[in-house]
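Below is one structure, written out as structure tokens; comments come after it.
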Amino acid sequence: MSITHNQLIAMLAVVDCGTFERAAGRLNLSQSTITKRIQELEASIGFSIFDRSKRQAILTGQGEQFVSLSRQTVTSFERLASFNADSKMTSTPVRLGVTEISSLTWLPKFLENSFSAEPTTQFNLTIDMSRNLLSNLEDGELDIIVVPEMPFQSNARVQTIAGIEITLIGNPRVVPKANQVEISELQEFEFITQGKSSGYSKSIREWFSNYGLNTRNSVSVDSLHAMVGLAVAGRGVCIAPRDYLVPLIKSGRVVEILTKPKLPVINYCVVHYPSPHEALFSQVASEINRAADFRTPYFV
């Protein structure tokens, strides 16, 4: 069996782009060249990778397994090719974008472990609001992002990595005495929120709106830490990840406001788009999936 790197690249481009035509455009080759490479590859391995009865490039069962192994092979090939004349492996940059909650929880340990285990992968970090990160990803300025669930393009590679329980907190002087309050009772409170670029805040506003509540914003900030600090100071109430706030709640500096119905869980995802470095990005996304734990601040 004779398999070439170019054949695997052509096959992965077809899988990622959805059609032979778009794959040819990405690789700057003719469609006939792409077709020939796939046919030669299928002849070498002895089975069909794509179901030819479909208009789109749909994988056969064996094709799905072969593609998974091929991505690993292409990644290994790229690493071998990155050796320089001194036999030292050069770093592969991965532009990673996360929101503040990631930077305060799982990210530092992830980076520490990644640099020791994979010194050839260099992470260039951007910490920003989720909607800005998504825009940068779609513009090609970032490779991978970790953001709350939101509408993504149909060709996005999306893995849900965690569901974050959120809660409403405020200074004991300004919160209701009851153990549980109806959503409608929150209308009188001033809310400290993140700006319009926050997908996290947008999801919460939409959830409140479904129950007829339009939150009044006394302060709008772009920092989770700042939101919590202002809530401690009695400037309003804010919604933040519950596990992250447990030490503060236990100290008595803030009170948790239990709502009826209960606040929703916010799902976080790791997202990237098809790329010539698909194998590497898929591997990094899987490692983030395993490492992401939003429950404990990294400094605890």
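The values are calculated or read from the model by the stated rules, or taken from the named source; none is laboratory data. Quick caveat: nothing in here was measured; it's all calculated off a predicted structure. Quick reminder, even Gly has a Cβ in these numbers, built from the backbone with ideal geometry, and neighbours come from all protein chains shown. For the accessible areas, the whole protein counts, side chains as well, though only heavy atoms, and no ligand, DNA or RNA atoms are used. Shrake-Rupley method; radii C 1.70, N 1.55, O 1.52, S 1.80 Å.
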Reported set for segment 142-171 where residues are under 23 Å from Asp222 (Cβ atoms), within 15 Å of the chain's Cα centre (by Cα) and open to solvent by 40 Å² or more (accessible area, probe 1.4 Å) is Glu149, Pro151, Phe152
The one condition Ser275 fails out of (1) open to solvent by less than 30 Å² (accessible area, probe 1.4 Å); (2) under 30 Å from Arg71 (Cα atoms); (3) out of contact with any helix residue (DSSP H, G or I) (no Cβ under 7 Å at 6 or more places or on another chain); (4) not aromatic (Phe, Trp, Tyr) is (3)
The residue from Val232, Val255, Val270, Val246 that alone is under 22 Å from Met129 (Cα atoms) and not aromatic (Phe, Trp, Tyr) is Val270
_Boolean, Tyr200 is farther than 29 Å from Leu142 by Cβ, in contact (Cβ under 8 Å) with a residue 12 or more places away in the chain and within 29 Å of the chain's Cα centre (by Cα)_ = no
TODO: Check segment 174-190 and report whether any residue there is under 13 Å from the mean Cα position of the chain (by Cα) and surrounded by fewer than 18 Cβ atoms within 10 Å (Cβ to Cβ).
DONE: no
How many residues of segment 202-227 are of a type outside the set (S, T, N, Q), out of contact with any Phe, Trp or Tyr (no Cβ under 8 Å at 6 or more places or on another chain) and open to solvent by 80 Å² or more (accessible area, probe 1.4 Å)? The answer is 4
Scanning segment 242-258 residue by residue, those open to solvent by less than 60 Å² (accessible area, probe 1.4 Å) and of a type outside the set (D, E, K, R) turn out to be Tyr244, Leu245, Val246, Leu248, Ile249, Gly252, Val254, Val255, Ile257
Within segment 80-104, restricting to residues that are in a helix (DSSP H, G or I) and modelled with pLDDT of 80 or more, the one that is most open to solvent (accessible area, probe 1.4 Å) is Glu100
Picked from segment 105-121 (must be part of a loop (DSSP other than H, G, I, E, B) and either surrounded by fewer than 20 Cβ atoms within 10 Å (Cβ to Cβ) or among the charged types (D, E, K, R) (or both)), the residue modelled with the lowest pLDDT is Glu118
Check your understanding: surrounded by 17 or more Cβ atoms within 10 Å (Cβ to Cβ), within 19 Å of Tyr244 (Cβ to Cβ) and at pLDDT 85 or above: does that describe Gly199?
Key -> no
In segment 237-279, residues that are more than 19 Å from the chain's Cα centre (by Cα), of a type in the set (D, E, K, R) and more than 21 Å from Ser220 (Cα to Cα) total 5
